[in-house]
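The values are calculated or read from the model by the stated rules, or taken from the named source; none is laboratory data. From a predicted model like this one, the values you see are computed outputs, not experimental measurements. Counting neighbours? That spans all protein chains shown, and the Cβs are built from the backbone with ideal geometry, glycine included.
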Amino acid sequence: MHSQQLQNYLKTALGVITIYPLSSALLLFLSWIIDNQGLQLVFDELSRRKFILLFVSDWLKALPFIIILYIIFHFLRKHSHRIHNNIIILCTLLLCLFIALVIQSQILAAILLFTYAATYLLSPTQQMTSK
Amino acid sequence: MKTKLIIIIGILYSATSFSQNQNFWLIGGGNKLTNSQEQIEKNVIWLEQILHNKGYQNDYRLYYGIGEEPGDDTQYIDTSRPETNNLSALQMLYSKNAQTGISYRRHSIIKTDGGTEKTALLRSLAKDFESLPNDSDITLIYNGHGGHRYDNEKENYLKLWNDTKLSVSELSNILAKTPDNSTIRFILPQCYSGGFYNLIKPGIIAKNKKICGFMSVSETKEAEGCTLETNSEEFRDYTTYFFAALVNKDRNGENLISNPDLNSDNKVSYREAHIYTLKYAISKDISRSTSEAYLEKWLPWYLRWSAIVENTDSYYWTIAKEIALHNSLKTDTKDLNSKYSKLRASVNEQRYQTYRIEKKISQKQKEIIRNLKDMFPLINLTLLKKDPKKDIENALKINTYITSLPGYKQLSTYSEEYKQSRKYLIKQERSLAQINKVHRFKKLSWIEKMFLRYASSSEIAEYQSLLKCENSGSM
């Protein structure tokens, strides 16, 4: 039981850590599809070392935000017998669109999407266990 | 946000009040004799002439290379001297990439205030700055080489005489000696100059002083102008364009492509000169001012990967458009990226070709030197390499022998191939830089929009203060 719990914690931690790289990879892929824009042009003036440092520093800055978001989603899904799961999905998608188009932060939108996906995969809802 | 934008545009276009009591510091020259190209000296002489013509003959200090001490401090190409021609084969054997005609002489600046060896220069600068009255207006112009600190680009440095180094923090320590309420502006055209952006960081210079500046390239890039080029029409370094814009005539006395005075106040500000350089310089430099770098460094993590949305309201957008127009490019991202990808691949290929020729030259040089050692075991080749004039008889004998070798002809061919390959590479790098410039200014126009939306009022005030400082500097 104890080892199962530890395994779950590790899975969650791994999930939370990979959200930022996955989100940036998605954005890069999209910009490559839409604009034929590679990494080189965006960061032409950065050395490889500096690019990695910048990426890691952004990643660390994003982590607290991702953790808070994960906790919120986890809480919502845990109580989704009261709040319908589909409404959460719809609200998340609408929020993603708002962030991407109005705030113009595609990375925040991608993080939101991936955090929800991580919660979906890693924390089961109470629906199955509740009476 | 609209109000903030209007204020910023206002700063850009308003007729600026320029400061009167200006003092200039010209620091120039290479770090050692073999890296102190004539182009640097010519630039310094030209700048000194500009200061004289503008009536600042008593308001500047000039520090160059060896200063007033006896000796040589300038490297140049001279094919006219008979001894150079007679020993060209020997020189080709021992010089980098088999270059011939390299000669050395003393600088031709009539009077300097001293040399640029670090300790002496710092002592002189400290003395100069401490003697200034309050509210002084200081312009620091450097013309020489820059170094890259791979482990910490915030500490990139100026390469000074005797192979000494002056880092960003050391320069800021010396600038801290300037009197209260001073305005300091720096113009740095050297390689890796972007690292000197850190001079403006809060806490480095006292709060009651204003500091801003212009840099030719980012902290990771090499700049134009470190060659032995003698034709002034081929000088493409940042200084050449920047100061031409300031005096409204290029260094050969010709009229400029367009009028750099954007707000028609009959005076070209440093910022206007910088904008002119950005628009019309066909060089590999992607120059930047401190206000532009401030915007780029501000960009928060949650906006970094975002797609750039066009912001036609920004002046940076106009710059992007004009650079594109001047270089027959489009501002459309897709078009720009496809051109960039093709040119980038071609530049990489050309770099590889040039590197291969360099290798061939070096191999051939080693082969001939081995042959010489076998043929002339009693002659001190190291001495001939250092100063052939000291043993001119043997030098001439060996020079004649080298020319008779079949390898020498090959070396000459490789040397010529190298020159052509390098020339073509630079041409391609310059074209690539124009695409990068359009992209950079498109991005800056978008960052400015985001900045005005999300930055704090103190950040906006800092940005405006930088713009004002850049705009109020002039000659």
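Couple of notes before you dig in:
- Taking (1) part of a helix (DSSP H, G or I); (2) touching a strand residue (DSSP E or B) at 6+ places or on another chain (Cβ under 8 Å) in turn, B:Lys267 satisfies each apart from (1).
- B:Lys154 being touching a helix residue (DSSP H, G or I) at 6+ places or on another chain (Cβ under 8 Å) and under 30 Å from B:Phe235 (Cα atoms): yes
- Members of region B:182-197 that are over 17 Å from B:Ala126 (Cα atoms) and either surrounded by fewer than 21 Cβ atoms within 10 Å (Cβ to Cβ) or small (Gly, Ala, Ser) (or both): B:Ser193, B:Gly194, B:Gly195
- Leading residue by the ranking (nearest to B:Pro260 (Cα to Cα)) among those in region B:327-346 that are modelled with pLDDT of 90 or more, touching a helix residue (DSSP H, G or I) at 6+ places or on another chain (Cβ under 7 Å) and surrounded by fewer than 16 Cβ atoms within 10 Å (Cβ to Cβ): B:Lys330
- B:Ala223 being over 18 Å from B:Gly473 (Cα atoms), of a type outside the set (Ser, Thr, Tyr), within 14 Å of chain A (Cβ to nearest Cβ) and surrounded by 23 or more Cβ atoms within 10 Å (Cβ to Cβ): yes
- Region B:456-475, residues that are surrounded by fewer than 20 Cβ atoms within 10 Å (Cβ to Cβ) and of a type in the set (Asp, Glu): B:Glu459, B:Glu462
- Only one entry of B:Ile402, B:Ile435 meets the criterion of being assigned to a helix (DSSP H, G or I) and away from chain A (no Cβ under 14 Å), and that entry is B:Ile402.
- Residues satisfying the criterion are present in region A:74-87 (criterion: surrounded by 12 or more Cβ atoms within 10 Å (Cβ to Cβ), out of contact with any helix residue (DSSP H, G or I) (no Cβ under 9 Å at 6 or more places or on another chain) and part of a helix (DSSP H, G or I)).
- Tally, over region A:47-60, of residues that are within 8 Å of chain B (Cβ to nearest Cβ) and either loosely packed, with under 14 Cβ neighbours inside 10 Å or of a type in the set (Val, Ile, Thr) (or both): 2
- Filter result for B:Ser415 (within 25 Å of the chain's Cα centre (by Cα), closer than 25 Å to B:Thr100 by Cα, buried (at least 17 other Cβ atoms within 10 Å of the Cβ) and of a type in the set (S, T, N, Q)): no
- Any hit, region B:131-146, residues being in a helix (DSSP H, G or I), surrounded by 20 or more Cβ atoms within 10 Å (Cβ to Cβ) and not aliphatic (A, V, I, L, M): no
- Selection within region A:61-83 - under 11 Å from A:Tyr20 (Cβ atoms) and either within 11 Å of chain B (Cβ to nearest Cβ) or of a type in the set (Ser, Thr, Tyr) (or both): A:Lys61, A:Ala62, A:Leu63, A:Phe65
- Conditions (1) within 10 Å of chain A (Cβ to nearest Cβ); (2) within 22 Å of A:Leu53 (Cα to Cα); (3) of a type outside the set (Ser, Thr, Tyr): number failed by B:Lys297: (1)
- In region B:39-79, the residues that are part of a helix (DSSP H, G or I), surrounded by fewer than 22 Cβ atoms within 10 Å (Cβ to Cβ) and among the charged types (D, E, K, R): B:Lys42
- Any hit, region B:266-286, residues being surrounded by fewer than 17 Cβ atoms within 10 Å (Cβ to Cβ) and within 11 Å of another protein chain (Cβ to nearest Cβ): no
- Scope region B:113-153; condition without any contact (Cβ under 8 Å) to a residue 60 or more places away in the chain and either within 14 Å of chain A (Cβ to nearest Cβ) or within 30 Å of B:Ile368 (Cα to Cα) (or both); matching residues: B:Arg149, B:Tyr150, B:Asp151, B:Asn152
- B:Lys423 vs. criteria of a type in the set (D, E, K, R) and touching a helix residue (DSSP H, G or I) at 6+ places or on another chain (Cβ under 9 Å): no
- Flag if B:Lys339 is within 13 Å of another protein chain (Cβ to nearest Cβ), out of contact with any Gly (no Cβ under 9 Å at 6 or more places or on another chain), of a type outside the set (Phe, Trp, Tyr) and without any contact (Cβ under 8 Å) to a residue 40 or more places away in the chain: no
- Picking from residues in region B:193-214 that are of a type outside the set (S, T, N, Q), touching a Lys or Arg at 6+ places or on another chain (Cβ under 9 Å) and not in a strand (DSSP E or B), the one that is modelled with the lowest pLDDT is B:Lys201.
- Residue in region B:391-410 that is buried (at least 21 other Cβ atoms within 10 Å of the Cβ) and under 25 Å from the mean Cα position of the chain (by Cα) present: no
- Conditions (1) within 14 Å of chain A (Cβ to nearest Cβ); (2) at pLDDT below 90: number failed by B:Val217: (2)
- If the condition is being part of a helix (DSSP H, G or I) and within 11 Å of chain B (Cβ to nearest Cβ), then region A:91-111 contributes A:Ile99, A:Ala100, A:Leu101, A:Val102, A:Ile103, A:Gln106, A:Ile107, A:Leu108, A:Ala109, A:Ala110, A:Ile111.
- Evaluation of B:Gln190 against (1) closer than 23 Å to B:Ser289 by Cβ; (2) in a loop (DSSP other than H, G, I, E, B); (3) modelled with pLDDT under 95 (one fails), failing number: (3)
- Residue in region B:348-357 that is within 14 Å of another protein chain (Cβ to nearest Cβ) and within 24 Å of B:Asn97 (Cβ to Cβ) present: yes
- In region B:293-396, counting only helices (runs of 4 or more DSSP H) that sit wholly within it, the ones holding 2 or more residues that are farther than 20 Å from B:Lys437 by Cβ span B:333-375, B:381-386.
- Conditions (1) under 30 Å from A:Glu45 (Cβ atoms); (2) part of a loop (DSSP other than H, G, I, E, B); (3) free of Cβ contacts under 8 Å to residues at least 12 places away in the same chain; number of the one not met by B:Ile110: (1)
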